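Step one of this worksheet: look at the structure below.
Only the coordinates and a few stated rules stand behind these numbers; no lab work does. Computed from a predicted model, the values in this text were never measured in an experiment.
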C-alpha cells in the first residue's frame, strides 16, 4: 500500500505489531473489515503495513489528533 499523504504535523500514529500463526484463520478478512471501519472515522489519515516471511508484521495508522484515536 502506498504511503499516505499526510498533512503538516502535528498528527498522531498508532502502531500495532503482530506475529502470525500458521494458517490465515480469517485474519485477512478481519483486517480488511477493521481498516474499512477505521477509514470511515473522522480524523483517519491512512495507514502503512508490512509483514516479513516469518509472519511478523507492523501496521501504523495515522490520525489527526488523540480524540480521533480514542473515538
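If the segment from residue 25 to residue 48 were pulled out straight at 0.36 nm per residue, it would be longer than the present Cα-Cα gap by 6.1 nm. For the chain, the 222 nm mean residue ellipticity estimated from helices alone, with every DSSP H stretch of n ≥ 4 adding -39500 (n - 2.57) and the total spread over all residues, rounds to -7000 deg cm²/dmol. The relative contact order of the chain, computed from alpha carbon pairs under 8 Å that lie at least 6 residues apart in sequence, is 45 percent. When the chain is treated as a GNM with alpha-carbon contacts under 10 Å, the residue of 57, 46, 26 showing the greatest mean-square fluctuation is 26.
Here the gap between residue 58 and residue 15, fully extended at 0.36 nm per residue and compared with their Cα-Cα distance, gives a gain of 14.8 nm.
Look at [x] 15.9; [y] 12.0; [z] 13.2: the one that is Kirkwood radius over Cα pairs in Å derived from this structure is [z]. With a 10 Å cut-off between alpha carbons and a GNM built on the chain, which of 33, 53, 17 moves the most? With Cα springs under 10 Å in the chain, the top fluctuation among 33, 53, 17 is at 53.
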